[in-house]
Each structure stands twice: as structure tokens, then as C-alpha cells.
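Worksheet: the structure to be examined is printed underneath.
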There are 6 protein chains.
Amino acid sequence: MRTVVVTDPPRADAGDAERLGGFGVATVHEALGRVGYLGPAFRPAWPGARTGGTAVTVLCWPGDNLMIHVAVEQCRPGDVLVVATSSPSSDGLFGELFATALAHRGVRGVVLGCGVRDVAELREMGFPAWSTAVSAQGSVKATPGAVNVPVVLGGQTVAPGDVVVADDDGVMVVPRADVPRALTAAQARVDKEDATRAAFRRGELGLDRYGLREQLPALGIEHVPYEAWREQRG
Amino acid sequence: MRTVVVTDPPRADAGDAERLGGFGVATVHEALGRVGYLGPAFRPAWPGARTGGTAVTVLCWPGDNLMIHVAVEQCRPGDVLVVATSSPSSDGLFGELFATALAHRGVRGVVLGCGVRDVAELREMGFPAWSTAVSAQGSVKATPGAVNVPVVLGGQTVAPGDVVVADDDGVMVVPRADVPRALTAAQARVDKEDATRAAFRRGELGLDRYGLREQLPALGIEHVPYEAWREQRG
Amino acid sequence: MRTVVVTDPPRADAGDAERLGGFGVATVHEALGRVGYLGPAFRPAWPGARTGGTAVTVLCWPGDNLMIHVAVEQCRPGDVLVVATSSPSSDGLFGELFATALAHRGVRGVVLGCGVRDVAELREMGFPAWSTAVSAQGSVKATPGAVNVPVVLGGQTVAPGDVVVADDDGVMVVPRADVPRALTAAQARVDKEDATRAAFRRGELGLDRYGLREQLPALGIEHVPYEAWREQRG
Amino acid sequence: MRTVVVTDPPRADAGDAERLGGFGVATVHEALGRVGYLGPAFRPAWPGARTGGTAVTVLCWPGDNLMIHVAVEQCRPGDVLVVATSSPSSDGLFGELFATALAHRGVRGVVLGCGVRDVAELREMGFPAWSTAVSAQGSVKATPGAVNVPVVLGGQTVAPGDVVVADDDGVMVVPRADVPRALTAAQARVDKEDATRAAFRRGELGLDRYGLREQLPALGIEHVPYEAWREQRG
Amino acid sequence: MRTVVVTDPPRADAGDAERLGGFGVATVHEALGRVGYLGPAFRPAWPGARTGGTAVTVLCWPGDNLMIHVAVEQCRPGDVLVVATSSPSSDGLFGELFATALAHRGVRGVVLGCGVRDVAELREMGFPAWSTAVSAQGSVKATPGAVNVPVVLGGQTVAPGDVVVADDDGVMVVPRADVPRALTAAQARVDKEDATRAAFRRGELGLDRYGLREQLPALGIEHVPYEAWREQRG
Amino acid sequence: MRTVVVTDPPRADAGDAERLGGFGVATVHEALGRVGYLGPAFRPAWPGARTGGTAVTVLCWPGDNLMIHVAVEQCRPGDVLVVATSSPSSDGLFGELFATALAHRGVRGVVLGCGVRDVAELREMGFPAWSTAVSAQGSVKATPGAVNVPVVLGGQTVAPGDVVVADDDGVMVVPRADVPRALTAAQARVDKEDATRAAFRRGELGLDRYGLREQLPALGIEHVPYEAWREQRG
């Protein structure tokens, strides 16, 4: 691995990132065509956390948080720190002191493909964190890695400057170039969902609203009364 | 798999289901002889959720929620929607819009052997949901399945009309025919536990209350003072 | 396995245990040189739980809580019950009735290398519990085991009388002989972290504070502006 | 759980079971409409094992193989022993001595939703075994369970007398009533696959053979030369 | 997700890919600086399989192998098919008929971030396959995806035309641009390892050969005779 | 963690260790009272491996094999190297070059609570290895640890000089002090199993041989003919 710290990568607009954060993960994920979600392994350290920011990426050796120290200096207001490890690890590479340093710099949260610790303190601070584990296991500062190179987390590539959106449903990435499209599509989806919600509250069915009912026969789906079905099964 | 929607299966009484929900999972599970629990993989989407209702069952293809749309129409007040997938999947087949449609129909909750999404919205709505994952991953509506056939979740068979009980401890199923026995046995257990709780608060020991102490010698359990034990170990 | 109940093992001081609980898992773990943590599989049954106490250890057969009944009698004020199973199990060996009996005896919490149940009731009681699963699955009382012998949980040996510290970050063990050192080192760490926190709030960087910046060249870490890096990658 | 040993359940024909075993899991699973597979957690104890037989089912308490001893007596030539546990367990409830006893009775193999041991000896004996774990962990004989009641393994219900088919791809169940249909459909599938295999060896594509090519445009799938695609991505 | 089939992407040289396959995964991974490994979840369907080829990538919907049918046509001699799914799935999307079709086209193997089936037949054919599961679970052909776009497997991005190396240790990717460097570095590593192996056979220690011994004091590593150590522990 | 290399710990007799290896894991585990097994996560790198030796223990930082280099020098003929990591890791800390160095010193195998690599080469060499993962992921040599201190693997404590027994069923530890008892008890168990095997081959049932049949009524186990059972179920 090249041990490099890339400085000043172009970022998506911090305001756009915040707006995407407001839409939330499920909406933006759907709006973009069901892409970018980091999967169910990433969970918030405390319920109700929600954020949208621009990625500063870090690649650490397992059990070693040296590169997070290196990365802090690269963070700006509106960023979200995104930490990957070079092989699977659950160690708690990030805790309350890092959160304090990042909060000072205006960073909006952290996403870790490993463990987080000081969960009670993060909750009190209101510093948003998502991770694949909660772990108090401490780390050394011995092995080099990289900052602001593309990293892979949960089957998705996160490039520096991409937008990271996260809430109770998990984490997703929006590539920087897709941000304008994401904003438009997310707003359109919200509008459509508002209409659908109103319809559902009136008792309309998705079966009818989405035109699914007429497709059922071609899919071989038949409705059978319970008694008839029991007889057929013998 | 037969692609069928069974209509109007007989259900357990909705009031009985509610009463079982009030007893809670651990109590009913014990009362029935330690059967019916779906195991520790099923977790509530938000803490404090609790329900009891009659099962409407759905079998979906992984990554495809077409059959949930088909199932909504089959739901009545007092039901709980129970969703299985034909092979392992963590995708979020169910979210807030479905919950809106179900709440309109008086459905009391959902149990998913896959993912749920819109967790923050479900918590705000107070719509109870249990699942094996939280995932924003969206789904298509392309592949047929079944509604109201028996499904297997967590090593238990759930038939349509069975009672589903769920709380912070997870989810269990009570076969429709066992509901009267479950009600009686759960009440008896609650009464017994009340007495035991009072005894424990007075300092009585389970060892004595359950008649275990006199069985210990036959089981080869001996009490040894610490110093003697250390010496024996060398 | 020898089926023995060791009585009256020497314990660490209950007040010292409480003080270590106050420091919290991450702090004590670091203070002792990053040892003793039971790993990310142990989670609190309800958020915000925190404790420090002296271990009464139990070794159970999977699916069998007989030995917990035997162990209750061995518990004193200031203890924490620590339950291991002889092979992997997620069954809920411990619930609200046990908690009632233990609370009566002044026990400060429970740590289970298996499942816990009655989570809602434990939260209401404020009885702290950590476990590797939440499960309503009930148990029998048929097979002997041991009380107050050393047990292994999460890759750590817990001996009776050791101090157990637990909070939202998980669980750790402090061997009885290490308690004085742990107290001193934890206080020193807290003092150091207070100073670091204040520095971070002023904008100082860990990179400078920990003397890491001057080590970067020897580690081969170079800073490269984004545009230069893009060109190098081609 | 009712502690019962059901004797002499009707079985599918042992010769039919053997024929289904000859077809193999993937073929029979597809032939029946993609149902009945116990999932990827069930692995053979040694590669190349293959069997088809009629199920004798056992429900054991975790860590306890009493009911396997009870079940041996219920086995006949052509049977396959199918063992579930009442909660998750990896313990090695079955080994070479049981295999010796079963082989004497003409039993064709064993399927365990827990652990198997004596793997080297089973391989030497040529006794087929599938399980969710290999584990030397021994068991007690203390807690009752059931024999020849329906059990659930890997999301499938196995009833006594059903056919179990197993090979390097895992394990599946064919309900007794479906055996005639399974035999016919499996043979039809083999014939069709023979023709397909011959076609593929000549270079024909599934895209054409299955009529998929003409569906691609409606699915929105377009072919784009690499250079054009690169330009579109920017 | 864009539903596109990218045709004729530039590939690394098929001969170079074969040479890298000959070096093996561990060697090439080390030679490149410990990058590119897909992790321990990818296992060979049969022991002893080994390959090196150029990637044709496929992105499938879970439970749906339509896009593998589309991808076959894009394969050339020297390729390795690389299949990802858009969300986690263990279904067996690939089996012996696909292998027959690919073998006809000179394809050297398959890597699947999901399940494989027909394991016995693949072993007999000698067709190399790596996957994250073995599963007979069948699939539909209903949902579009992509061919020859970059996919992420095991935390690594695989682009079409990259070299895939796989053996008993798992799977790795070598980006097309890195192939020349990989060949040189792998050969250098083999030469170095040959010398090291010879030295180790003579009894030389890595401690001396790698210059580690003199670093031990600075790392705080001290040698203590057993008896002294026991006394210190008390 | 104390960074120490303990030299020349007393070992169990190498010949005794070999004899225990000959008995095998399941036999010795049972003979000692069902203790000492490291659990199903430890698998042999190649089938048929079998060994018994005296433990040289190593504690490594995740992703770092420095201490294995340090440990080689401490190994003698008859030893088995036992490697733990200070937090969960699947990285391949051990491969063919280490095996070459150890084989030169008469070491009988390796047990790793992390990954192994060069599986094909180890199989060719016939060097026995057990691990919790196969992984080509390489390691650094930067962080200190310990040699010949007690380590915990799979819920068992392994002290230097203890006997490690391993075969296709996994790995177990026999504390040095228990070796004489283990030898006697294992031989007794083999004799007993020989007699049982002969009886089972004659058709005797465990139900009778172990005196279980007469216990069934007290356990509430009743035999019910299939037809009667069906009627009772309704």
C-alpha cells in the first residue's frame, strides 16, 4: 500500500452534503437507483444520530490508529471522517478524544469499518458515529497507512470528497459527481412518497397504486380461499 | 414454490393474541414448555416495542418485496405481518410506507426474517417491528412468492392465524390451537412468578424454593472452602 | 470438569471495584496496558448501564442454569455474577427473577457469555447486565457445573474475586492483584486525558502532542497535494 | 416440548429415496421448484459423501444426546437420522460409535443441526454425515426431547418419513407426498440438462437457449463499447 | 445502478495473468505491498485449485443470475468470471452448466461473492471456483444488473481486465496497470524466499536474518527465565 | 501487556504428548471429563492432520507476526507452536517459511487463533496447522507481544509446556499436570469404546448398554405409535 497523505482533495459542497443528510439514507439510496449503501453491518453508536458530510478517508493497519491522528489535520468543517482497516478488525480505533478534536474542526461525524469506543461519552457529546463494532480494545501508533485515498467499506468505494449520508438505517456514499442528481432525485422521491403516504392513509393499496395487481396473473400468482387450499394440500 | 395467496385463513382471537402479548415472550415461552421462540437473531427496531397479534405470513424472494404488497390486502385489525425470504437475505424489504398502510388496517406490527428500514420513522410512529437486520438496501418487485402459507423463521413454523408475541426479548409463535392453553398456563406462570419474586425479595433462595439443594450431592456437586480448593489444585 | 462450589474466595475490595467502575472500561483497559477486555461480543442489555464489582464465577452446561441457582448463595454485596457456559450457547440463562434475588444480596450486575432475558424488566429495575445475546430461550436445571473456579470469557480469564468493570463499551476484568496498580494508573490516565481534551479543544493536534509528526518520514508517509497525486496515478 | 417417541411413522419408499439421492441436491431442488434446501450452513464431514434416505427425526436439548440413543432403536434400513437441537448449539452430539450402531441397522447417513465429531473415523468408515459444525465437544444424557416429530433445520421442516437428499452441495428435504413428483421432475430436469450441456459444449449461449436475449431491452440492459462507456463516465 | 454491458474492455495480457497465477496469492500479495487480497471469506470449491486470468465482472441482484447468462458472451480465453451481488446473498448462482459454457470459451475459473453449486461436478471437471458459500439454492432470471463495470468483492475493487489470482489461500486482484510491477516484484520475492528457505533449512533464524534481534530491546521485549518469571508473578 | 519472552518453561514429556496425539481429540477430551476443547472455530489446514506436542505460546498484536519470529528460537523438538492475538484477527500470520524453520527444529505443528497461509505448501510439506481462518493477508513486524506466557484460545487457557492435541476434530489442551491422568483415562476410554463398538456391531443398543431405557419413564418420555400420535394432535 502506498503510504501517502493526499492533501486538499476537492469536496462536494458542504451545504449539499447537509441537505442529503436531511433526506436520509433510505431516500437517497432509492433516489440514486439503489446504490451506495454500506450494508447492515454499520450501526450508529447511539440511536437518532443523523449526518451528511464530505468524506476524509483513512486507511489504517488493524489495531493501529496512527493514521487517524494524521488525518485530523486534513479535516475541515463539513467533513465526515471515514476509516477503513487493511484487514478485518473490531478494535476500537476511535473514541471521545478524537471526537473532541474533530468537533473543534467542525467535523460532522465518523464512519468506521472497525470498532468505536467511549460510546456513552459520544452520546453525551452528540457526536455522530457509525461502526461495525463497539469495542474498548485500544490501539498502537506504529504502522503507516494512507489518508484521502479511495477506501472500500461494506462493498462500496468511498473517495475523498464524496458525500457520506448516515442515520439510524446505516451509512451510504454519494460520489461527488452524483451529488446534484442525488439532490434532485431525492427531492422528487420525497414528493412522491408524500403522495403515497397520503394515499396509504386513505386506504389505497400499493398493489393498485404501483400497478402490480394486473401483473399477478402473468407471474402465476393465484388467490385461493383457505378451505380450498387446505383441500388441495390433502 | 407454489405462488399462491391464501385468503381468509382462520385466525386466533385478536383479543387472546393481545392478552398473550401482554404476558410477554419469556412468560409465554416458558408457559408452553419452552417452545416457539424464534431465537436471538430477531431484534426490535426500537426498544420497548411489544405486541401480540395474529399472523399473516409472506414468503418473498430475496431482494424483492412484491409479495408484501400483495399481503397488505389480506391484513385485518389485530394481525401481525410475518415475512420470510426463500433464502438468506438482509435487505430492507419493509419501511415506513408499508407501516403506514398497515397501521391504517389496524395491523399491530411486523416480523421480518430479513432487514427493516426507516427505523427512525417507525420509532416515531410507534409501529412495532422485529427483524434480523436493519438495512436501507432497497428491493425490486419482480418475483412471485406466497401469502398465508406456513413459513419457517428462526427454526419455528409460523402458520397463518397463529399468534405472534414479541417484545424486547424477541419473537415467539403460539400455534392457533395452543392459544387457550397458552393463556391459562401463562396466567399460572405469572401467579407463580409473583410468589417467587416476593420470596426472593425476602431473601429466599431458588436453591431451596425449587428443591435443588437436596439434589446437589447426587449430581456430585460439593462445596469446598477456597483455601482447601487451592491446596488440592497444587 | 470438576463439579465444585468454591466458597468464600478472597475478593478485591468492593470500594476499589466501585472506583474502577467509575473510571470505565476504556480508561482502565488503557491504564493497565491494553489488557483484560472481553471483546465486542459482550453488550449491555440496556444503554447507560455501568458497574464495577468483584466476580463470583459460574460455569454452566449450555441450556442449563442450575449452577446460577447454586451461585446466588455465594454472592455478597459488591459482587458481580460472571457466567460462562462449557460450550457456545445463546440461551437466556438469566432473567428478572435472578436479578431480584441478586439485588436483594447487594449484587451489582451480571455478565453472561450466553443470553439474557427479561430485558425490559431489567431496564426498569436498573439491574445492569451484559451478555453475548438477548434470548428468551429457557433452560433446564439438570447438569452440574462449577462456582468460583476461574472461567474464560471473551478470551480473558476471570478468577473469583477479580474486579469486573462494565459500561456501554463492554466488559473487562482486572485481576485482584492488579487492582491497586489499576487504580493509580487509571487516575493518571484520567488526568492525562483531561489535559489532552483541553488541548484538543484549543485546536492542538495529536500529531504534535504525541510527537508523531516527526516520525512520519521514517515511516515513509509523505504528503502529496491532490492534483499531484492524481497525475501520479495516471 | 412434548417428550414423545413416535414409533413406526410411514416412510417414503427407500428405493425412491435412493434414486433421489442419485439425482443430487441441486437437481431435485430445482425440479421441485426451488424449495426444500437446508441452506449453506450444512456441510459434509468429508468430501464426496452422497445419500438419499427416509428421515428419522430427533429433537435434542443442546449439549445432550440422550434422544439420539433413543432414536437408534427407531431406525430401519434406508433411513437417514436427522437431528435438531431446541436452541443453537455447535456441540458434537454424534460420532463414530453412533455411526457404527446406525450402520449395523442399515442407516444411510446423518444430518445434524449442530456438531459432528470423529470426522477422520467417519471418513474411513464411509459413513455420510452433514452438520453445521465439526466439534469434539462431548455431551451429557440428561434432558428429554422427542423422536419422529417434525423438526425444523435450516429453515425447512423435516417430517419423519420424508426423504432427505444430501451431497457436496448440502442437504435438502422432499416431503413424503412429493416424492413421486420429485422423481419425475428430477428425471425431466436431468434430460433437459443433458441437452443443455451438449448445446453449451457446442458453444450455444444460455442467452439464446433460454430466450433471454430478446428480454434485455425491456429490462433496460444496453451494450456499450468500453471506450464509449469510459467517456460517458467522464 | 446503471444496467449496462460494457463490451471489449482492455485486458491485461493473458500470459502475464497465467504467470501471476503460477506465483500464487500469498507471493503476489506480498510482492505488491500487501494489497489486493479479497479476504478469508473466499474459499475454493475444491482443494488444489489454482488460476490466474483476466476479470470479466458481473453485478447480479441477489437470487438472480440473469447477468451471468449475459456475461458468458463477453468472455474470452484467459478470462476469469468475477461475480458480485448488489446485497449480501449466499445463493448458488453458478453451477456445472455455466462451467461447461465457460470452459468451452477458454475461461479459467470463477470467483463469486455469493454461493456456488454442483461442487462435485466442478471438482470432476477440474473447473476452478472460489466463493463465499456453497449452496444449492437456485435462482431466477428476472432482474437486470451490469457486466464489465468495476465491482467490489471482499473490500477490493475488481475492474474488468484486471488480473485475478486464486489458489488454496483465496483470491486477490492485481490492477491491470500494476501487472508489470507485480511480475517483477513477485519474481524477486520468490528468489528472496528461496534464499530464506535454504537459510531456514540450515537453522538460521528469522530473528537474525531480518535484523529483528537488535530491535527487541527498544521494543521493550526482555527475555526472562521461567523460574524468575514465576517468582515475579507471585 | 508485559512484553516478555519466558525461556525454558518446563514441558510435559514429548513422548506422552505424542501418545495423547495418537488417542485423538475426542477421546482425550472425554477422558478428562469433557474439558479442554478449543471449539469448532479451529480447523485443520488440510484433512488428515494429527499431532500431539508441548505448547510454546505466542501473543501477537493483530496483523503483526514479530513475536512468532521471536518464538521460533524458543522451540524444541516435540513442541507445537500456539499463537494468539490480542484482539480478533483473521490475518495470515504464519506460512510455509515459518513451517520450514519450525520443521528444522523438530516442531510438530502450529495452532493459530487467527489465519494461516500457504495452505497448499503446508499440505505438501505435511506440516500440521490448525487455525480459525485461511488468509493470505500479510503482516508487519512492528509491535511487541509475549512468548511463553499463558494465552487464551477458544475459551481455553494454554500455558507453555501444556500438551496440545489436534486432529480433524479440532484442537484441545491438556494441562501439564493432567497429562498422567489423561494418558490413563484415555487408554481406559479406548478400551471401553472398543467393547462398545463390538457390542454395537452385534446390534446392542446404547439405550440398554448405558442403562438409559429404565430412566425414560422418569424423564416423561413415552412411546406412542404414529397413528395414535396423529389423532392426539388433531
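The values are calculated or read from the model by the stated rules, or taken from the named source; none is laboratory data. Because the structure is a prediction, the values reported are computed rather than measured. Backbone-built Cβ (ideal geometry, glycine too); neighbour counts: all protein chains shown. In case anyone asks, the SASA skips ligands and DNA or RNA and just uses the protein heavy atoms, side chains included. Shrake-Rupley method; radii C 1.70, N 1.55, O 1.52, S 1.80 Å.
Taking the criterion of being touching a helix residue (DSSP H, G or I) at 6+ places or on another chain (Cβ under 7 Å) and of a type in the set (Phe, Trp, Tyr), would at least one residue in segment E:79-99 satisfy it? There is at least one residue in segment E:79-99 that is touching a helix residue (DSSP H, G or I) at 6+ places or on another chain (Cβ under 7 Å) and of a type in the set (Phe, Trp, Tyr).
How many of the residues making up segment F:182-199 are among the charged types (D, E, K, R) and either facing chain D (nearest Cβ under 9 Å) or buried (at least 18 other Cβ atoms within 10 Å of the Cβ) (or both)? Number satisfying all stated conditions: 3.
Residues in segment A:70-81 that are surrounded by 21 or more Cβ atoms within 10 Å (Cβ to Cβ) and farther than 20 Å from A:Val171 by Cα: 4 in all.
If the condition is being closer than 19 Å to B:Asp8 by Cβ, β-branched (Val, Ile, Thr) and assigned to a strand (DSSP E or B), then segment B:43-99 contributes B:Thr54, B:Val56, B:Thr57, B:Val58, B:Val80, B:Val82. State whether the residues of segment B:100-115 include one that is more than 30 Å from A:Gly22 (Cα to Cα) and polar (S, T, N, Q). For segment B:100-115, residues more than 30 Å from A:Gly22 (Cα to Cα) and polar (S, T, N, Q): absent. When E:Phe23, E:Phe42 are checked against the criterion of being over 30 Å from B:Gly138 (Cβ atoms) and either in contact with a Pro (Cβ under 6 Å, 6 or more places away or on another chain) or of a type in the set (Phe, Trp, Tyr) (or both), E:Phe23 stands alone in meeting it.
Out of C:Ala17, C:Ala49, C:Ala103, which single residue is more than 14 Å from chain A (Cβ to nearest Cβ), closer than 22 Å to A:Gly138 by Cβ and not charged (D, E, K, R)? Full working, then the answer.
Details: C:Ala49 fails: more than 14 Å from chain A (Cβ to nearest Cβ); C:Ala103 fails: closer than 22 Å to A:Gly138 by Cβ.
After ruling out the rest, the residue left standing is C:Ala17.
For A:Pro225, the conditions (1) surrounded by 14 or more Cβ atoms within 10 Å (Cβ to Cβ); (2) closer than 30 Å to B:Met1 by Cα all hold with the exception of (1). Would you say F:Ala142 is at pLDDT 95 or above and either more than 9 Å from chain D (Cβ to nearest Cβ) or more than 27 Å from the chain's Cα centre (by Cα) (or both)? Here the answer is no, as F:Ala142 does not meet what is asked. When you look at B:Ala55, is it surrounded by fewer than 24 Cβ atoms within 10 Å (Cβ to Cβ), away from chain A (no Cβ under 11 Å) and among the hydrophobic types (A, V, I, L, M, F, W, C), yes or no? Against the criterion (surrounded by fewer than 24 Cβ atoms within 10 Å (Cβ to Cβ), away from chain A (no Cβ under 11 Å) and among the hydrophobic types (A, V, I, L, M, F, W, C)), B:Ala55 does not qualify. Is segment C:20-28 home to any residue that is at positive phi, within 14 Å of chain A (Cβ to nearest Cβ) and part of a loop (DSSP other than H, G, I, E, B)? Checking segment C:20-28: at least one residue is at positive phi, within 14 Å of chain A (Cβ to nearest Cβ) and part of a loop (DSSP other than H, G, I, E, B).
Where residues in segment A:120-131 are out of contact with any Ser or Thr (no Cβ under 7 Å at 6 or more places or on another chain) and either hydroxyl-bearing (Ser, Thr, Tyr) or outside any helix (DSSP H, G or I) (or both), which of them is most open to solvent (accessible area, probe 1.4 Å)? First the steps, then the outcome.
Pass one, segment A:120-131, residues out of contact with any Ser or Thr (no Cβ under 7 Å at 6 or more places or on another chain): A:120-127, A:129-131.
From the residues that got through so far, the ones that are either hydroxyl-bearing (Ser, Thr, Tyr) or outside any helix (DSSP H, G or I) (or both) too are A:126-127, A:129-131.
Details: A:Gly126: 38, A:Phe127: 9, A:Ala129: 1, A:Trp130: 2, A:Ser131: 6 Å².
Applying the filter and picking the extreme gives A:Gly126.
Only one entry in B:Arg176, B:Arg209, B:Arg202 is in contact (Cβ under 8 Å) with a residue 12 or more places away in the chain and either among the hydrophobic types (A, V, I, L, M, F, W, C) or within 11 Å of chain C (Cβ to nearest Cβ) (or both), namely B:Arg209.
Tallying residues that are in contact with a strand residue (DSSP E or B) (Cβ under 8 Å, 6 or more places away or on another chain) and of a type in the set (D, E, K, R) within segment F:158-213 yields 5. Scanning segment D:156-178 for residues that are among the aliphatic types (A, V, I, L, M) and buried (at least 21 other Cβ atoms within 10 Å of the Cβ) turns up D:Val158, D:Val163, D:Val164, D:Val165, D:Ala166, D:Val171, D:Met172, D:Val173, D:Val174.
Looking across F:Arg105, F:Arg117, one residue alone is farther than 22 Å from F:Ala41 by Cα, open to solvent by 10 Å² or more (accessible area, probe 1.4 Å) and charged (D, E, K, R). It is F:Arg105. Inspect all residues belonging to segment C:16-39 and state whether any of them is surrounded by fewer than 24 Cβ atoms within 10 Å (Cβ to Cβ) and closer than 14 Å to C:Val82 by Cβ. Checked segment C:16-39: no residue is surrounded by fewer than 24 Cβ atoms within 10 Å (Cβ to Cβ) and closer than 14 Å to C:Val82 by Cβ.
Is it the case, given these coordinates, that F:Thr85 is at pLDDT 95 or above, polar (S, T, N, Q) and under 21 Å from A:Gly138 (Cβ atoms)? Give the derivation first.
On the way: at pLDDT 95 or above: yes; polar (S, T, N, Q): yes; under 21 Å from A:Gly138 (Cβ atoms): yes.
Criteria met by F:Thr85.
Residues to consider are E:Pro217, E:Pro150; find the one that is free of Cβ contacts under 8 Å to residues at least 24 places away in the same chain and more than 7 Å from every other protein chain (Cβ to nearest Cβ).
Working: E:Pro150 fails: free of Cβ contacts under 8 Å to residues at least 24 places away in the same chain.
On inspection, the qualifying residue turns out to be E:Pro217.
Based on this model, can you work out whether A:Ala129 counts as within 10 Å of chain C (Cβ to nearest Cβ) and touching a Phe, Trp or Tyr at 6+ places or on another chain (Cβ under 9 Å)? Considered against the rule, which asks whether it is within 10 Å of chain C (Cβ to nearest Cβ) and touching a Phe, Trp or Tyr at 6+ places or on another chain (Cβ under 9 Å), A:Ala129 comes out as no.
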